[in-house]
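Read through the structure below, which is laid out as structure tokens, and then see the notes.
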Amino acid sequence: MKSKRAKKILKYSGRIALFVLTLLVALVIGLYSIMFVLAKGPSPTARDLFVRSVMETSAAKFLARMYFSEEEINEILDMGDDDNIKTDPGMITIPGGDKNNGEAETRPPFGTFETVGPDETGEQTPPETTPPETTEPVDEGVEVIDIKGATYDGKLIIISDPARVKVGLLDNYGEGYKGKSLRTFISENGALGGINAGGFDDPSGSGSGSIPDGIVIKGGQIAWGSASKKYRCVIGFDKNHILHVGNMTGQQALDAGIVDGLSFALGPVLIVNGVPENTKRKLGGGLNPRTAIGQRADGAVLMLVINGRQANSLGATYDDMCNIFASYGAVNAANLDGGSSSLMIYKDETLTTSAYLFGERRLPDVFLIMP
């Protein structure tokens, strides 16, 4: 009797296992087919979007390498970088004394931003904004704005007094040390909020956040990196709280007067001296979570984080980021580390959704909003 029952259990277990295995094989084949169509199908746009999206991740680069050689991938990723990017600090005029309690004299449209394409004449259609029904005073001189586009949503924080923006850095960098979560940086510095900043060595998504992928400048000195090496997408503030962005050597960054800063090896710089980079060259980029920072002509600092890798927000491209910053009056802006590092916290509230499955990532540096 027991033998028959055991045989029945074994029989049904075998059927269930076979069903599960068949289902998994079908899913794998289906996923592979979808990726094959994206990679090798008739649409170069879909192909480039697929390659750029997965190559911007720490763990999914192999998906692009299944279909393309490194040479083909590099050709798709090539953005034709401009090595002569240099910020003109004279384009930023910070009002003295903050007489209006941190309120800027001119403001960008307040509300929900949507990316709008060219009209029938080929001209870029101005974005429409929808004023919120109620405006809650979050903080003097600080505005939190909902951002929404065709493939993404996110948050933009505008800090009218740039002196309130601080670069949060680690005491030590390198092997044997660990980065800190954004929330820890905020707490230890007595800040109200902030966003993630520079990139870091992150093999297979397991980096500790203590090894920056570029330069780190702390108190006018190079804390990580070299004076002679050229770095892509250097971002930092000088003693007058003017944001500098560009591709430069460590020494050029110091000569520009950057007191505290960092870099993001993937870049790119988004806007320089009032000119969006995507009007001069192709930027592209995949659909991914994004973090970026910019500054208006009146000195106000713009912090932007876009949600990604979610059903309701796949993510934004570099072109999307350029368009958003241009819409809100940025004179200079640059892309920061994105993906699972992207996060915005303000007044103990997490304003964006992290794509990291295990809480908050350890980071090498952040941008903070001080009281």
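Read-outs throughout are calculated quantities, based only on the coordinates presented, and are distinct from any laboratory measurement. Since we're looking at a predicted model, the values are computed, not measured. Note that each Cβ is placed from the backbone with ideal geometry, even for glycine, and that neighbours are counted across all protein chains shown.
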Next on the checklist: Please report Rg (one decimal) and Dmax (integer) in Å for the Cα set of the stretch 211-311.
Outcome noted: 14.2, 45
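Order of 281-294, 305-318 by packing, highest average Cβ count within 10 Å first? Provide the component values of the computation, followed by the final result.
Details: 281-294: 23.5, 305-318: 21.4.
Going from most to least packed, we get 281-294, 305-318.
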Item to check | the stretch 238-313-the stretch 196-231 distance, computed between alpha-carbon centres (Å) | outcome: 16
Checklist outcome for this item: Listed by chain and number, the residues whose amide H is under 5 Å from that of GLY246, excluding neighbours fewer than 5 places away on the same chain and using placed H, are CYS233, VAL234
Item to check | Gain upon complete extension [PHE358, GLU175; 0.36 nm per residue less C-alpha separation] | outcome: 63.7 nm
Checklist entry - Taking amide H positions as placed 1.01 Å from N in the peptide plane, with prolines and chain starts having none, which residues 5 or more places from THR352, or on another chain, fall under 5 Å of its amide H? => result MET344
Checklist outcome for this item: Over its alpha-carbon atoms, the stretch 89-369 yields an Rg and a Dmax in Å of 17.6, 58
Item to check | Sorted peptide list for 178-184, 357-363, 232-238, criterion being average Cβ within 10 angstrom, highest first | outcome: 232-238, 178-184, 357-363
Checklist entry - If we sort 252-263, 343-354, 202-213 on the protection proxy, mean other Cβ atoms within 10 Å, highest first, what's the order? => result 252-263, 343-354, 202-213
Item to check | Amide H contacts under 5 Å for VAL331, placed H, 5+ residues apart | outcome: GLN295, ARG296, ALA297
Next on the checklist: Students often get this wrong: which residues of the stretch 155-184 have the backbone nitrogen under 16 Å from the point 7 angstrom along Cα-to-C-beta of ASP348?
Outcome noted: 183-184
Checklist outcome for this item: Once GLU72 and LYS230 are pulled to full extension, the length gained, defined as 0.36 nm per residue separation minus their Cα-Cα distance, is 54.4 nm
Checklist outcome for this item: In nanometres, the difference between 0.36 nm per residue of separation and the alpha-carbon distance of MET91 and GLN221 is 44.3 nm
